[in-house]
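Engineer: Have a look at this one.
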Amino acid sequence: MINVKLRMNFGVRYGMLPEEVTRFIGKAGDISIMEVDKGAIRRYAAAIEDGNPLYWDEDHARNSRYGSIIAPPAFFGWPTQKTKGASVPSGEVLVDAMAKAGYTNPGTINAGEEYEFFRPVRAGDILASSTVVKDIRERAGRNGNMMVFIVRETTYVNQNGDVVAKAQVITIRR
């Protein structure tokens, strides 16, 4: 397992956010599905300028402990396709609720990320991901304007039911 942590310590006040925003805490978003192919792995490796032969060279990868081409660790963050008919709240619904509560600034800031990688992702894998809103907190910024910190955790599972990665992302909205 590779664990990369970028944590943020933020002083917060509870009870200031309206229920139409806090009701999302503990809720999962739409499930997304992605089939992994060699071309996508290679495009991602090229985009991050990683020449590791495990991502490019089939002979090298076949003779490695992995037995086939694998994806770079953060590959799971690439776009996925949402499943049809998902009935749980999506990120857009949360953004709409925040706008109705007065948080209308369209800007979102990435305040920190934490990744855990458990298993390699291979060409042919089918990954399902689901994001849960872990926490929503409010605090005053330096200028006195209120900011909302949203903590989301996404879990990525392969076709065998194995968790391959988890990502926790903190975003700030004003």
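None of the figures in this text is laboratory data; all of them are computed from the coordinates on show. Source: prediction; values computed, not measured. Here the Cβ is made from the backbone with ideal geometry for all residues, glycine too, and neighbour counts use every protein chain on show.
Engineer: Name the residues of the range 106-120 whose amide N is less than 12 Å from a point 7 angstrom out from the Cα of TYR66 along the C-beta direction?
Structural biologist: Zone members listed by number: 119-120.
Engineer: Are there any GluC sites (Glu not before Pro) in the range 95-145 that are in a DSSP loop and have at most 13 other Cβ atoms within 10 Å? List them by number.
Structural biologist: none
Engineer: Here's something else I'd like to know. Can you compute log10 of I(q)/I(0) for the range 121-174 with the Debye formula, treating each Cα as one identical point scatterer, at q = 0.16, 0.18, 0.23, 0.31 Å⁻¹?
Structural biologist: The Debye formula, applied to the Cα set alone, gives -0.58, -0.64, -0.82, -1.10.
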